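**Student:** I'd like to ask some things about the structure below.
Quick note: the coordinates plus some simple rules give every number you see, no bench work behind them. What you see is a predicted model; the values in this text were computed from it and never measured. Quick reminder, even Gly has a Cβ in these numbers, built from the backbone with ideal geometry, and neighbours come from all protein chains shown.
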Amino acid sequence: MEQNITPEIGASDMTEAARAAQPEGKKVFVKTYGCQMNVYDSQRMSDALAADGYQPTDKIEDADLVLLNTCHIREKAAEKVYSELGRIRQLKEERGRDGRETVVGVTGCVAQAEGREILRRAPVVDLVIGPQTYHRLPNVVQRARGGEKIVETEYAIEDKFEHLPAPRRSAVRSRGVTAFLTVQEGCDKFCTFCVVPYTRGSEVSRPVAQIVAEAERLAEAGVREVTLLGQNVNAWHGEGADGREWGLGELLFRLAEIPGLDRLRYTTSHPRDMDDALIAAHRDLANLMPYLHLPVQSGSDRILKAMNRKHTGDDYRRLIERIREARPDIAMSGDFIVGFPGETDADFADTMQLVRDVGYAQAFSFKYSPRPGTPGADLGSQVPENVKDERLQALQALLVEQQRAFAASLIGQTMDVLLEKPGRQPGQRVGRSPWLQPVIVDENAGEIGDIIRVRITEAGTNSLFSEPVS
Ligand code: SAH
Ligand code: SF4
Ligand code: F3S
């Protein structure tokens, strides 16, 4: 169930405006793997390259520049990149025979983790650039076009966001009425299974003024829902407008004042950083959506300790109780890993029990994948693959059952839905419920960007069906 890992978003950034503005320009194809932060980064890279004359394309064979924005979180994610590079090698050769140059770049977390090794394994690659240095991309691409092979993976001292151009208005419009906004990057938590602290570096928070300016820009371009992003988004902190130290809760109160931003979300949070102000934001802010992705990974205290999560299963249960007291209609989402080294049947039973106790509206679950350089990979007691498979199946069956039960509980209820895009069937639009579910709506019910009131008539596993309520 790897839905949070967006598999391929080739050319998510093509805009009519960009195409019209530079009819003769060079073309860039961006393929995005991994989490929402990569989606955001891909957009910002496209924005930076557009300023340099590169227009986005969704046809890889037309691209003068191909960028793979990669993910290193599990082995499978990283290996996908190399098979894609195999296909790109052929493409580059074909284009070369027609006298067309193709620059190939690897960005993102595989770039950061493997650096120069990528050039060795895949000589088709011209440039490797890590997430901290994207502001240097236009310059790096220019050098690569001159024939240089470039690896830029050091952690930059300068602030990449300050140097990247602001999201382009036309691009924002073409991307729709919802948007991501990265407020925090990196992680200092060092969970023993996880590569993120190594690929994204230590925790850095963007300053309040930068975040507010970008949110206002998004709202002016017609965005109605913003999801704040960070590997540890609730570790965000900064000096507030009042001169006091703010956390994510205070930041949300500030963003809630921006006219037109009717819906706010944030992801991904760590249980240890859910402070009182953030819980108060869930209690007091109508435009903070009642949905919280709060990964716990395991229900076994022994395994949580081995994972270096620094909290117990009961700490997590108590935290959710407090959040639900503040916001009774909040729906919980989570991430789980099965088969962490040393996980016994009893440990796994604790995870199943925690899932039953909490009750999730939706959740992601993964088989543990040993990652080079992380402490977990060196532990002796690796769990056999078939055991991981069995546990994953059992866990996913329970999670799907809970997801269905949650969706079914909404039948007959009325709710506000943000209309996001045309539906797959003619005559339909797809909206989003406060709990992040797609809701199918009759197209006469409103325009894209409208928030309309509907009654839920039917619930599928992945979407809800509705009728408008006047
Ligand atoms: N920062 C977020 C999650 C980042 S990665 C957090 O702390 O929750 C997203 C999810 O991938 C994690 O929550 C975890 O469930 C999963 N994951 C990370 N490393 C993994 C590994 N080595 N094997 C399997 N799943 C992993
Ligand atoms: Fe990875 Fe843990 Fe940091 Fe999340 S908190 S990014 S799981 S090290
Ligand atoms: Fe993957 Fe990097 Fe995101 S490893 S999940 S793309 S932070």
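**Student:** Roughly how many Å is it from the Cα centre of region 284-354 to that of region 194-271, as a whole number?
**Tutor:** 23
**Student:** State the antiparallel share, in %, of DSSP beta bridges confined to region 329-443, rounding to the nearest 5. Can you show the working numbers first?
**Tutor:** On the way: 9 of 15 bridges.
In region 329-443, approximately 60 percent of DSSP beta bridges are antiparallel ones.
**Student:** May I pose another question? Of the beta bridges DSSP finds with both residues in the chain, what % are antiparallel, to the nearest 5? Walk me through the numbers before you get to the answer.
**Tutor:** Values: 24 of 67 bridges.
Taking every DSSP beta bridge within the chain, about 35 percent pair in antiparallel fashion.
**Student:** Tell me, in nm to one decimal, what length is gained between GLU154 and GLU75 on full extension, where the rule is 0.36 nm per residue of separation less the Cα-Cα distance?
**Tutor:** Result: 26.2 nm gained on full extension.
**Student:** Quote the FRET efficiency, to the nearest 0.05, computed for ASP357 versus ASN308 with a Förster distance R0 of 30 Å and r equal to the Cβ-Cβ distance. Before the final figure, lay out each step's value.
**Tutor:** Values: r = 23 Å, r/R0 = 0.76.
Taking R0 as 30 Å, the efficiency between ASP357 and ASN308 is 0.85.
**Student:** Report the calculated FRET efficiency for ASN139 and ALA277 (r = Cβ-Cβ distance, R0 = 45 Å), to the nearest 0.05. Mind dumping the intermediate values first?
**Tutor:** Values: r = 40 Å, r/R0 = 0.90.
My answer for the efficiency is 0.65.
**Student:** Additional query: Identify the trypsin sites (Lys or Arg not before Pro) of region 410-470 meeting these criteria: DSSP loop state and at most 16 other C-beta atoms within 10 Å of the C-beta. List each step's numbers first, then the result.
**Tutor:** Details: sites: ARG424, ARG429, ARG432, ARG453, ARG455; in loops: ARG424.
Qualifying residues, ordered by number: ARG424.
**Student:** Let me ask something additional. Please compute the net charge surrounding ARG272, taking Lys and Arg as +1 and Asp and Glu as -1 over other residues with Cβ under 9 Å from its Cβ.
**Tutor:** Working: positive: LYS189, ARG309, LYS310; negative: ASP273, ASP315.
Around ARG272, the charge tally is +1.
**Student:** Modelled label-to-label distance, PHE465 and PHE190, 7 Å Cα→beta-carbon offset: nm?
**Tutor:** If labels sit at PHE465 and PHE190, their model points lie 5.3 nm apart.
**Student:** Sort 207-217, 357-367, 378-388 by packing, meaning the average of other beta carbons within 10 Å per residue, with the highest value first.
**Tutor:** Working: 207-217: 16.9, 357-367: 19.8, 378-388: 13.0.
The densest-packed peptide leads the list: 357-367, 207-217, 378-388.
**Student:** Using the beta-carbon distance between ASP301 and ARG173 and R0 = 60 Å, what value does 1/(1 + (r/R0)^6) give for FRET efficiency, to the nearest 0.05? Mind showing how you got there, number by number?
**Tutor:** On the way: r = 49 Å, r/R0 = 0.82.
It comes out at approximately 0.75.
**Student:** Further, regarding this structure: Can you return the lysines within cross-link range of LYS189? Criterion is Cα-Cα under 29 Å, with same-chain partners fewer than 8 residues away left out.
**Tutor:** LYS31, LYS76, LYS80, LYS160, LYS305, LYS310, LYS367, LYS388
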